[in-house]
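If you scroll down you'll find the structure; I have some questions about it.
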Amino acid sequence: MFFGAKRAGGLARFLRGNTIAYCAKASASARTDQRQFQRMIYLDYNATTPLCEAARTAMLPFLEGKFGNPSSVHAAGREARAAIDDARDGLADLLGAKAHELIFTSGGTEANNLAILGLARSRAARGKAFDQRENRTPRCFEHD
């Protein structure tokens, strides 16, 4: 546990990766040893996540030069489309799903909006309107 301003400051510097700069009074050999054991603790997986090696290897050709709009009909676009379709097929096999059931989105907001729209359309197809009032959270003052 970190107690006191000095220790809290040390934790903050450690999380920022500034532990070596703070230890300016330490000897050069101690700083070298400290660098070897220093590692980053990443706590913001809502923003981005590190890639596993297999995903990085699979994506690298498309990040370095084989890029193309998968909606285009030119060769680079068709190659990008084929790679996406192969990834979709592989993921569908892994999940036991059909490839057309998987939709790749650019992020969480787009995925959330797609899920909400799907729910609304599903309810409308069954003759039920999506009514937000049905899903109200009861408040304590509503109950005696």
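Bear in mind these aren't lab numbers, they're just calculated from the coordinates by the rules spelled out. Every value quoted in this text rests on a predicted model; they were computed, and no experiment measured them. Backbone-built Cβ (ideal geometry, glycine too); neighbour counts: all protein chains shown.
Quick one: length gained pulling K128 to I103 fully straight, 0.36 nm per residue minus the C-alpha distance? Write out the running numbers ahead of the final one.
On the way: separation 25, 0.36 × 25 = 9.00 nm, distance 2.51 nm.
Answer, rounded to one decimal: 6.5 nm.
Under a Cβ-only charge scheme (Lys and Arg +1, Asp and Glu -1), can you give me the dipole magnitude of segment 53-133 about the Cα centre, in debye to the nearest 20?
On the way: 11 positive and 10 negative charges, 114 e Å.
For segment 53-133, the charge dipole is close to 540 debye.
So what's segment 31-129 giving for Rg/Rh, alpha carbon basis, Kirkwood Rh from the mean inverse pair distance? Before the final figure, lay out the partial values.
Details: Rg = 19.6 Å, Rh = 17.4 Å.
Result: Rg/Rh = 1.13.
Right, next: Between A55, S71, S122, whose Cα lies farthest towards the positive end of the dipole of segment 53-133 when Lys and Arg beta carbons carry +1 and Asp and Glu beta carbons carry -1, centred on the Cα centre?
The Cα lying farthest towards the positive end belongs to S122.
Sticking with this one: Once fully extended, how much extra length lies between N69 and L114, figured as 0.36 nm per residue of separation less the alpha-carbon to alpha-carbon distance?
Working: separation 45, 0.36 × 45 = 16.20 nm, distance 2.19 nm.
Additional length available on full extension: 14.0 nm.
Full extension from I84 to M40: what is 0.36 nm times the residue separation minus their Cα-Cα distance, to one decimal in nm? Before the final figure, lay out the partial values.
Working: separation 44, 0.36 × 44 = 15.84 nm, distance 3.22 nm.
Full extension of this stretch gives 12.6 nm more.
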